[in-house]
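The values are calculated or read from the model by the stated rules, or taken from the named source; none is laboratory data. Computed from a prediction, not measured in an experiment: that's the story for all the values here. With ideal geometry, Cβ positions are generated from the backbone for all residues, glycine too; neighbour counts draw on all protein chains shown.
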Amino acid sequence: MLAFALRRSLTLALTAWLATIVVFAVLELVPGDPALLMLGVNAQADTLAALRAQMGLDHPPVERYLRWVGGLLRGDLGVSLTYARPVADLVAERLVVTLPLALLSLGLSTAAAIPLGLLAAARRGRGGDWAVLGFAQIGVALPSFWIAILLILVFSVTLGWFPAGGFPGWEAGALPALRALTLPALALAIPEAAILARVTRTAILDTLGEDHIRTARAKGVSRTAVLLRHALPNALLPVATVLGLQLSFLVAGAVVVENVFTLPGLGRLLYQAIGQRDLIVVQGVVVLLAVFVVLVNALVDIACAAADPRPKVAS
Amino acid sequence: MMMNRARSFAVATGVFALALVGGAAAWAQARTDLVIGMSLEPPHLDPTAGAAAAIKEVTYANLFESLVRVDSSGALVPGLAEGWTVADDGKTYRFTLRPNAKFHDGAPGDAAAVKFSLDRARGAESVNGQKGYFASIASVETPDPRSVVVTLSRPDGLFLFHMAAGDAAIVSPTSAATNKQKPIGTGPFTFDRWAAGDRVVLTRNPAYDGPKPALERVSFRFISDAAAQIAALKAGDVDAFVQFNAFEALPEFRNDAKFAVTVGTTEGETLLSTNNARKPFDDVRVRRAMAHAIDRKTLIDGVLYGNGVPIGSHFPPHRAGYVDLTGLYPYDLAKAKALLAEAGYPNGFDATLRLPPPPYARRGGELVAALLAEVGIRLTIEPMEWASWLDKVFKGKDYDLTMIAHTEPLDIDVYARDSYYFNYRSAAFVRLEEELNRTQDPAARNALYGQQQRLLADDAVNGFLFMLPAVTVQNAKISGLWVNRPIQANDVTGVTWK
């Protein structure tokens, strides 16, 4: 276990370090000058120089990289070039939108997908199975931004049940905030649920063919009990693995959905920061996301190892 | 008796009627909040430290005041200065400030603040996006707390106009450093909060020394996605959307009595900007051929769904001094082909069209490419994001053609700049510009503007396409929103609800 933890920490450190190099290099190579963007088409050479100095962009790239990584090591993400605020504050402010959004859609998609997958597996080749497979096919094919627009048209414009976008902030109360997150979470959850439902169905069908299931059936355990007590726990392993991957995709999907619903989340922050060439913010957010993805994958591995119902055999 | 009864009945009816009217009046009490939708979120809220239009579209005349102010008709009216005089030599301006102007934090809005603001904008450390506006200032003096005397090193016909810009906002020495996040001005609204990524909220300034606005609370919400803009309007999440550019949705809003749609003017001359230094565009015959090949009506119909005005040079039709030159190069493919052949390109040529993100450019670029293909000019379209466009096209001048609206008011002077990205060099134009700077008389200035427009049209410097419209979709019960956009602003001080 210790070796496992060490190996994981090393991967984490290495990934984070590689991420800093890649994101810094890419942003150096991409055309675009944050000072010029800020001051626009009538900017004079002297004001541009003054602003570049103010932003600390007048130093050579290597020095700026080292200074930035040095800051990261001390836990300092730096100060945004456009917003003139600490990146850590900006990220914290946006996480309270993106994290609940991601968790909500993860919860919704899991809650829908696992029963659907079970149903499809139980009714393999029959109507219920076809219905679930049909939903999965459509759900995978539809991009979440399109689902988002459709949801807005139906539930905000026509029915008026939910706001069409925006976020009142948690200080406005949990209910209005959750209301604002419902449609975006649904838009994210539907494609996720489609994928998860298929994975669940396949995983259960796979386990249903295994020996211990046949044994259980032979001992007289009912179909339902076999499905729930013997097949499902085994099938959950691949499902959990996919779920871990999905969480990374959720963050990517959040960029798109947050823009459609104008939610002030991490995705929108990243999107705007790239447009404004707010290098410090982009660098900080990308490194944080890389660390997050590695951490989630590690957690999934640990969870899978712990949840595996098969007896542990010392190798 | 009968009389009495009749009278009492009348009185009772009257009282009842009054009660009804009173009740109805109480019911219909006008709203005092407003939510305005905008496409772009400002990067910060200090108009003296950034060129982003969105900054001024939140702060101008609402939070910050400049010495002079541009009103909805484009006229110069008093701002923080209630009056001014100009010396005969055109070099000395004396501003008299409002007696009781105060910043939102209580700091005095006096001559010292004005001197601080102007000196800061033109100083060595200045990061003002329009530092050039202050270039003609030689000195700023403050004979008394209410008087500011600005001496110019040369006459500057646009000086007052520039002092009315958002970039010339008067800031306080005590709060200038923190205006980006917590803007403090002298205006009739104070900054309440900024939910980053979502909205900026302003509230009425109870201590304002001028006429108080009817609105108590104004929110600016930032929605970039066109479908989301339409949905927000329909769901009533925003009361008005300014600079609305999903033109295809306008008929739907026009047919709905709940909404009012206004189409006004902007200062945005939309150009097919042309690299005059690059072959084959260095040949005026090629540029004229292109002018003959571009049908502006097709463009305006296709890009703006008919909501635009064609231009023949770099000047807005609604401004005094405008000369109509749209007939100079009528749509004529034969003429265009003949000119191309004369220039040595009987079979046309290949070139690249680099397009920035705004929808008018992306959509317009496709149409321009299709129109020019008719005369054998084959364009490769390259979409770019803003940062790359600014870096490569604008700063690096690495382009053949691009499409962009020049939205600064009265910016025909850019053609006098040597290093500007058009790579246009004309001694005649520079001479006219120098003369303009020496001229104060409005009629003489307009005549000079006319000569400049003709020169640019003759040289066919760029493809002069159309004026960008100012489209606002709003709740029909709102009045007082600006229809035209003579300056980058959403001045809500005069907005009321019916």
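For the range B:111-119, the condition of being farther than 24 Å from residue B:71 by Cβ, surrounded by 15 or more Cβ atoms within 10 Å (Cβ to Cβ) and in contact (Cβ under 8 Å) with a residue 40 or more places away in the chain holds for at least one residue.
Residues of the range B:110-125 that are within 14 Å of chain A (Cβ to nearest Cβ) and either of a type in the set (A, V, I, L, M, F, W, C) or within 14 Å of residue B:169 (Cα to Cα) (or both): B:120, B:121, B:122, B:124. For the range B:132-144, the criterion of being within 27 Å of residue B:482 (Cβ to Cβ), surrounded by 17 or more Cβ atoms within 10 Å (Cβ to Cβ), free of Cβ contacts under 8 Å to residues at least 12 places away in the same chain and under 21 Å from the mean Cα position of the chain (by Cα) is met by at least one residue. Just so you know, in the range A:162-185 the residues that are touching a helix residue (DSSP H, G or I) at 6+ places or on another chain (Cβ under 6 Å) and more than 10 Å from every other protein chain (Cβ to nearest Cβ) include one that is surrounded by the most Cβ atoms within 10 Å (Cβ to Cβ), and it is A:184.
Within the range A:253-304, the set of residues being under 18 Å from the mean Cα position of the chain (by Cα), within 8 Å of chain B (Cβ to nearest Cβ) and either more than 21 Å from residue A:167 (Cα to Cα) or assigned to a loop (DSSP other than H, G, I, E, B) (or both) comprises A:261, A:262, A:263, A:264, A:265.
Filtering the range B:306-336 to residues that are more than 22 Å from residue B:289 (Cα to Cα) and in contact with a strand residue (DSSP E or B) (Cβ under 9 Å, 6 or more places away or on another chain) leaves B:307, B:308, B:316, B:317, B:318, B:319.
Evaluating residue B:404 against the criteria (1) without any contact (Cβ under 8 Å) to a residue 60 or more places away in the chain; (2) within 12 Å of chain A (Cβ to nearest Cβ); (3) part of a strand (DSSP E or B) leaves one unmet condition, (1).
Residue by residue, here is whether (1) within 11 Å of another protein chain (Cβ to nearest Cβ); (2) part of a loop (DSSP other than H, G, I, E, B); (3) over 23 Å from residue B:118 (Cα atoms) holds:
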residue: B:132; (1), (2), (3): yes, no, no
residue: B:138; (1), (2), (3): no, no, no
residue: B:141; (1), (2), (3): no, no, no
residue: B:150; (1), (2), (3): no, no, no
residue: B:177; (1), (2), (3): yes, no, no
residue: B:185; (1), (2), (3): no, yes, no
residue: B:194; (1), (2), (3): yes, no, yes
residue: B:203; (1), (2), (3): no, no, yes
residue: B:207; (1), (2), (3): no, yes, yes
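Take the conditions within 26 Å of residue B:50 (Cα to Cα), surrounded by fewer than 19 Cβ atoms within 10 Å (Cβ to Cβ), in contact with a helix residue (DSSP H, G or I) (Cβ under 7 Å, 6 or more places away or on another chain) and more than 14 Å from chain B (Cβ to nearest Cβ) and apply them to residue A:61. Does it pass? Answer is yes for this residue.
Listed here are the residues, each with its yes/no results for (1) of a type in the set (A, V, I, L, M, F, W, C); (2) touching a residue at least 60 places away in the same chain (Cβ under 8 Å).
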| position | (1), (2) |
| --- | --- |
| A:237 | yes, yes |
| A:242 | yes, no |
| A:246 | no, yes |
| A:252 | yes, no |
| A:268 | no, yes |
| A:286 | yes, yes |
| A:291 | yes, yes |
| A:297 | no, no |
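Away from every other protein chain (no Cβ under 14 Å) and surrounded by 15 or more Cβ atoms within 10 Å (Cβ to Cβ), is that true of residue A:10? Spelling it out, it is not the case that residue A:10 is away from every other protein chain (no Cβ under 14 Å) and surrounded by 15 or more Cβ atoms within 10 Å (Cβ to Cβ). Within the range B:353-397, can you find the residues that are within 12 Å of chain A (Cβ to nearest Cβ) and modelled with pLDDT of 95 or more? If the condition is that a residue be within 12 Å of chain A (Cβ to nearest Cβ) and modelled with pLDDT of 95 or more, then B:354 is the only one that fits.
Looking at the structure I just gave you, is residue A:46 facing chain B (nearest Cβ under 9 Å), of a type in the set (Asp, Glu) and under 27 Å from residue B:194 (Cα atoms)? For residue A:46, the condition - facing chain B (nearest Cβ under 9 Å), of a type in the set (Asp, Glu) and under 27 Å from residue B:194 (Cα atoms) - is not met. If you go through the range B:213-238 one residue at a time, how many are at the interface with another protein chain (Cβ under 10 Å from one of its Cβ atoms), assigned to a loop (DSSP other than H, G, I, E, B) and buried (at least 24 other Cβ atoms within 10 Å of the Cβ)? Adding up the residues that qualify gives 2. Kindly check whether there is at least one residue in the range A:216-236 that is within 12 Å of chain B (Cβ to nearest Cβ), crowded, with 16+ Cβ neighbours inside 10 Å and either part of a helix (DSSP H, G or I) or among the polar types (S, T, N, Q) (or both). No, there is no match, as no residue in the range A:216-236 is within 12 Å of chain B (Cβ to nearest Cβ), crowded, with 16+ Cβ neighbours inside 10 Å and either part of a helix (DSSP H, G or I) or among the polar types (S, T, N, Q) (or both). Looking at A:152, A:204, just one residue is farther than 17 Å from residue A:101 by Cβ and assigned to a helix (DSSP H, G or I), and that residue is A:204.
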